[in-house]
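The block underneath contains the structure these notes are about, expressed in structure tokens.
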Amino acid sequence: MKKLTLSILAVMLAAVVVFGGCSSVAPSLTTTVPRPATSIATAPTVAPVVPVPTTFSHVPAPSTTVARPSMSIPPPATIVVPGPVPNVPAAPGSAPAFSDSSRGGGSAQAGAAMPAPQGFAGGAAAAAPGNTIGLAAGGAKDISNFRENIGNNYLPLPTDVTYEGLFYDYYFDTGASKPTNKLYSPSYSFAVTRDPLSHQTEYYLSVGLNSGLKESDFQRKALNLVIVLDTSGSMNEQYNKYYYDQNGRQVDAYSEEGINRSSKMQSANESVVSILDQLTSNDRFAIVTFNTSARVEQSMDFVNRSDMWKVKEDVRNITPGGSTNLEAGLAMASKQISRFSGANSSEYENRIIVLTDAQPNTGDFSSSGLASTVQDDADQHIYTTFIGIGVDFNSDLIEQISKIRGANYYSVHSPSQFRQRVEEEFDYMVTPLVFNLSLNFESRGWRVEKVFGSPEADESSGRLMKINTLFASKSQGGETRGGLVLLKLKKTSSISNSSIYLRTSYEDRNGRTDGDEQTINLETTQPEYFENTGIRKGVLLSRYAALLKNWMIDERQHVAYPRPWDPCINADTGISIPIENNGQWERQSLPLRVSGLYDRIFSDFASYFNSEMRAIGDNDLKQEMNILNMLSK
């Protein structure tokens with residue numbers, strides 16, 4: 001078990017980020033859920049009930065593939081609002097399926113046809129799910145900073161783990177069963193499962209993020225791009241060293257090494273070169289650097305009118321120094337790109353990419369001030385991507401800013417890894433497709449308790465889910481990268497067959513609105529039930545992230561606590577939903593520690609996670625098992 005001496009703990013209290021405590025435990029729910037008596041789909045085999053063990057260990061139910069409702073397919077090149085589809089009686093004793101009454105929404109009237117959304121080839125038939133791209137929420141696109149902190153024996157910030165960032169590390173079965181030619185088409189899947197610690201029954205509904213945009217038709221627009229590079233003094237440090245220690249003092253990262261390793265600046269420079277390599281002759285670009293102030297290194301111009309070899313060599317020779325005025329860098333970038341804000345959105349994408357360790361200490365570095373600058377750009381159809389550099393990347397600050405329309409962020413911990421990532425998904429990184437997505441959830445028997453996988457989860461309520469931006473995302477093998485948002489439901493009525501009315505609305509990049517309406521009915525079943533591996537994986541990862549967040553919050557709250565303390569989660573509370581409060585920007589290093597009973601909790605949860613990983617059949621989940629094993633030693 002990793003510990004700190006009490007003398008070190010005492011001086012850390014003023015420097016740590018302050019977080020709220022764990023949420024209160026949710027009331028125990030009943031062990032049954034409504035299931036529709038009728039279904040369009042062929043009745044699936046019932047997933048057998050798995051006895052709940054008296055320990056934290058878990059035996060998974062066999063993975064069950066469930067047939068889903070068929071949907072009306074609109075004719076080519078138009079979107080037809082289908083009428084109600086008659087239900088077909090389900091076989092007695094069948095597992096939950098949806099009684100699904102769907103019709104198009106948004107700006108269309110019932111029964112009316114509307115033009116296919118932008119990005120669809122005119123006259124093209126609806127693409128099969130396996131031939132289309134997917135969609136994923138904006139915000140965080142990984143949890144690499146969390147993994148790097150753990151790997152370097154630092155205690156991460158709770159904001160280093162986001163549900164949407166974790167989801168984007170994996171591919172999901174979204175529950176889509178039929179083709180669509182809409183820009184966005186949701187699908188819904190259901191799960192009933194017990195909390196692995198408290199054994200309380202929980203209910204989940206997943207929202208699959210599907211698109212009818214063919215992969216063969218997907219191509220990013222030409223770019224008006226400004227690359228903003230942080231050249232402040234903190235960028236001179238190594239990737240795996242904190243610029244500030246636990247007492248807020250600047251640290252010489254090389255003082256004990258005796259060798260020269262790649263600095264954050266060198267890695268950031270190479271990352272800029274990787275981005276430049278993705279540009280085509282029709283793209284415009286500019287380069288802005290900032291430290292104490294900002295300057296233009298390369299004025300906005302077309303790639304084919306620039307000496308790209310010289311530009312890349314100049315970037316590689318950039319050196320760090322000075323303070324960090326992120327506000328000045330953003331303002332200079334906005335000035336460079338603002339004259340293109342009125343560019344035809346069907347031809348050009350306006351984007352600012354900022355590479356920084358996000359430790360502003362000069363200018364307006366309040367979250368509201370920086371967010372206001374990014375928001376002003378977004379209002380002009382200029383969107384922002386943040387690339388976090390180094391193990392001390394301030395995810396707390398950037399996580400808030402990236403909730404803004406069109407924004408996202410990534411973490412970089414190796415120039416070679418970043419180059420590979422940029423080469424594979426640069427077009428997805430800079431292509432938002434859906435804006436202002438809202439899901440209205442209406443039911444007498446259910447409400448939304450928590451949303452996992454959306455940066456705007458805090459803005460969601462028991463009746464409404466919001467997502468500011470959906471980006472294009474890769475699909476493979478019938479699954480979509482990050483293509484899931486998970487709703488944790490709370491039963492509010494003893495009614496055995498309470499319907500849920502779901503209405504979505506969204507805008508495309510031209511401001512055109514569309515939407516979808518569906519009514520689903522849920523009928524009684526027993527845990528453990530998962531309609532598909534997609535929702536099963538979403539539930540597993542959400543529990544994993546919530547456990548990690550509760551642990552990090554607990555450790556930081558008790559960093560200078562002299563007496564033994566109990567974790568905020570236990571066999572009574574289960575894995576409760578953590579409550580986080582934003583802290584200060586310059587993150588100080590805290591050594592990795594697993595205190596109290598958390599080592600046993602992690603060990604028991606690892607057993608549950610391992611059994612679920614085998615049932616889901618995704619070996620990529622082993623990276624989370626490695627972390628759990630490290631934390632339980």
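Filter region 462-486 down to the residues that are outside any strand (DSSP E or B) and either among the charged types (D, E, K, R) or at pLDDT 90 or above (or both), then identify the one that is surrounded by the most Cβ atoms within 10 Å (Cβ to Cβ). First the steps, then the outcome.
Start the filter on region 462-486 by keeping residues that are outside any strand (DSSP E or B), which leaves 462-463, 474, 477-478, 482-483.
Keeping just the survivors that are either among the charged types (D, E, K, R) or at pLDDT 90 or above (or both) gives 463, 474, 482-483.
On the way: R463: 12, K474: 19, G482: 28, G483: 33.
Across region 462-486, the extreme among qualifying residues is G483.
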- request: Output the number of residues of region 250-290 satisfying the condition of being open to solvent by 40 Å² or more (accessible area, probe 1.4 Å) and at pLDDT 50 or above.
  value: 10
From the options D376, D364, residue that is open to solvent by 10 Å² or more (accessible area, probe 1.4 Å), modelled with pLDDT of 90 or more and among the acidic types (D, E): D376
Within region 382-427, tally of residues that are without any contact (Cβ under 8 Å) to a residue 60 or more places away in the chain and surrounded by fewer than 21 Cβ atoms within 10 Å (Cβ to Cβ): 6
message: Would you confirm whether or not region 554-567 contains a residue that is more than 30 Å from K490 (Cα to Cα), of a type in the set (G, A, S) and open to solvent by 20 Å² or more (accessible area, probe 1.4 Å)?
response: yes
message: Please go through region 450-461 and give me each residue that is modelled with pLDDT under 90 and part of a strand (DSSP E or B), ordered by number.
response: S461
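Could you say whether any residue in region 330-338 is in contact with a Phe, Trp or Tyr (Cβ under 8 Å, 6 or more places away or on another chain) and over 25 Å from A378 (Cβ atoms)? It would help to see each step written out before you state the result.
Narrowing region 330-338 to residues in contact with a Phe, Trp or Tyr (Cβ under 8 Å, 6 or more places away or on another chain): 332.
Applying the additional criterion that residues be over 25 Å from A378 (Cβ atoms) yields none.
Checked against the condition, which is being in contact with a Phe, Trp or Tyr (Cβ under 8 Å, 6 or more places away or on another chain) and over 25 Å from A378 (Cβ atoms), region 330-338 yields no hits at all.
How many residues does region 179-220 hold that are of a type outside the set (V, I, T) and within 18 Å of K474 (Cα to Cα)?
Taking region 179-220 first, the residues of a type outside the set (V, I, T) are 179, 181-191, 194-200, 202-206, 208-220.
In the following step, the residues that additionally are within 18 Å of K474 (Cα to Cα) were identified as 179, 181-187, 208-220.
Matching residues across region 179-220 total 21.
How many residues are closer than 24 Å to L397 by Cα and in a loop (DSSP other than H, G, I, E, B) when one looks only at region 288-322?
Of region 288-322, the ones closer than 24 Å to L397 by Cα are 288-295, 320-322.
Among the residues that remain, those that are also in a loop (DSSP other than H, G, I, E, B) are: 291-293, 320-322.
Of the residues in that region, 6 qualify.
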query: Among the numbered criteria (1) acidic (D, E); (2) free of Cβ contacts under 8 Å to residues at least 40 places away in the same chain; (3) open to solvent by less than 10 Å² (accessible area, probe 1.4 Å), which single criterion is violated by E313?
result: (3)
task: Confirm whether E612 is touching a Leu at 6+ places or on another chain (Cβ under 8 Å), in contact (Cβ under 8 Å) with a residue 60 or more places away in the chain, open to solvent by less than 10 Å² (accessible area, probe 1.4 Å) and within 15 Å of D160 (Cα to Cα).
output: no
query: Taking region 205-240 only, how many residues are open to solvent by 10 Å² or more (accessible area, probe 1.4 Å), part of a strand (DSSP E or B) and more than 30 Å from R316 (Cα to Cα)?
result: 2
query: If we only count strands (runs of 3 or more DSSP E) wholly inside region 86-189, which ones have 3 or more residues that are under 19 Å from E425 (Cβ atoms) and at pLDDT 85 or above?
result: 132-137
query: Checking N440 against (1) under 16 Å from the mean Cα position of the chain (by Cα); (2) surrounded by fewer than 20 Cβ atoms within 10 Å (Cβ to Cβ); (3) more than 29 Å from N361 (Cβ to Cβ), which test does it fail?
result: (1)
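The values are calculated or read from the model by the stated rules, or taken from the named source; none is laboratory data. Note that this is a predicted model, so its numbers are computed, not measured. Cβ coordinates were reconstructed from backbone atoms using ideal geometry, including for glycine residues, and neighbour counts include every protein chain displayed. Accessible surface is based on the protein model in full, side chains and every heavy atom, while ligands, DNA and RNA are left aside. Shrake-Rupley method; radii C 1.70, N 1.55, O 1.52, S 1.80 Å.
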